[in-house]
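First comes the structure, then the notes that go with it.
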Amino acid sequence: MKWLFLFVVLINAAFLSWHSFVQDQPEQSKESIYGPPVSEKIHLLSEAPAVTEEDYNAGVVSNDDLVDALNKVVEKRTQAKEAFLCPRMEIEHQSSLKEVEAELAEMGWSYDDNEVTGKRPKFWLYIAAPETPEKASDIVKNLAGKSIDSFVINRAEMKNRISLGLYSSQARAEQASQRIEKLTGYSVDTYEHLRNVPLHQIDIKQPVRPADWQVFLSRFDLSKMMIKIEKNPC
């Protein structure tokens with residue numbers, strides 16, 4: 001019994017000694033390893049957040065599409081603007097002016113009427129001077145008998161020529177020349193020259209569609225009217 005008690009005391013002493021030794025050992029601290037977060041970088045408040053490659057590419061494509069769309073809009077507006085006309089007409093005769101003004105009122109178009117002076121081609125018909133003034137007078141009488149107006153010119157190098165009138169249109173001058181030659185048998189000459197004449201310059205004050213402009217012009221016989229037309233783009 002004595003030995004058993006001593007054995008138990010030794011075991012307890014050994015256990016206490018071992019436990020005291022283990023507690024005295026300093027615990028080895030684990031060294032922390034620093035590493036920045038993987039998911040997102042650190043940014044200053046003044047810096048923009050990072051953009052992924054996918055977001056960047058998407059932004060580039062979006063900007064390109066926007067630029068293309070804007071270019072198309074500008075192109076369409078430019079084409080639409082160029083499609084309109086701001087015409088100008090220069091009218092020589094009062095009879096033609098009245099016709100044009102009536103049609104402008106019918107179309108409801110406002111306009112400016114400015115009186116200007118400009119050079120216009122004229123076509124003078126005449127019969128060459130005969131040898132004597134008496135023969136020139138005989139030609140005039142012969143023409144009058146066929147209802148053709150004429151007179152003898154008495155000026156310098158044109159002396160004794162028989163004037164048959166001044167025409168504003170080459171086509172009308174040629175028609176008159178052929179008619180006189182056929183009726184009288186006389187040879188008719190044409191002299192083309194420029195003369196200063198008063199003109200009415202009509203500027204339409206609003207843009208006009210080409211289709212409407214064609215409708216407007218179709219109402220006139222331009223071959224019989226002395227009108228110069230400028231189809232100016234607005």
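Overview of results
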| read-out | value |
| --- | --- |
| Residue match in region 220-227 (condition: closer than 20 Å to residue 110 by Cβ and not β-branched (Val, Ile, Thr)) | yes |
| So residue 141, is it touching a strand residue (DSSP E or B) at 6+ places or on another chain (Cβ under 7 Å) and open to solvent by 70 Å² or more (accessible area, probe 1.4 Å) | no |
| Boolean, residue 197 is at negative phi, touching a Gly at 6+ places or on another chain (Cβ under 8 Å) and surrounded by fewer than 17 Cβ atoms within 10 Å (Cβ to Cβ) | yes |
| Matching residues in region 130-159 - criterion: being polar (S, T, N, Q), assigned to a helix (DSSP H, G or I) and farther than 19 Å from residue 181 by Cβ | 137 |
| Residue match in region 195-213 (condition: in contact with a Pro (Cβ under 6 Å, 6 or more places away or on another chain), in the same structural domain as residue 102 (by the TED database) and among the aliphatic types (A, V, I, L, M)) | yes |
| Sole residue being of a type outside the set (D, E, K, R), modelled with pLDDT under 95, surrounded by 11 or more Cβ atoms within 10 Å (Cβ to Cβ) and in contact with an Asp or Glu (Cβ under 7 Å, 6 or more places away or on another chain), chosen from 133, 121 | 121 |
| Meets criteria (more than 30 Å from residue 83 (Cβ to Cβ), modelled with pLDDT of 95 or more, among the polar types (S, T, N, Q) and buried (at least 16 other Cβ atoms within 10 Å of the Cβ)) for residue 168 | no |
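Okay, residues lined up against (1) surrounded by 12 or more Cβ atoms within 10 Å (Cβ to Cβ); (2) in contact (Cβ under 8 Å) with a residue 60 or more places away in the chain; (3) on the phi > 0 side of the Ramachandran plot:
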site	(1), (2), (3)
188	yes, yes, no
193	no, yes, no
202	yes, yes, no
208	yes, yes, no
217	yes, no, no
232	no, yes, no
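The values are calculated or read from the model by the stated rules, or taken from the named source; none is laboratory data. Since this is a predicted model, take the numbers as computed values, not measurements. We place every Cβ from the backbone using ideal geometry, glycine too, and count neighbours over all the protein chains shown. Note: areas computed on protein heavy atoms with side chains; ligands, DNA, RNA excluded. Shrake-Rupley method; radii C 1.70, N 1.55, O 1.52, S 1.80 Å.
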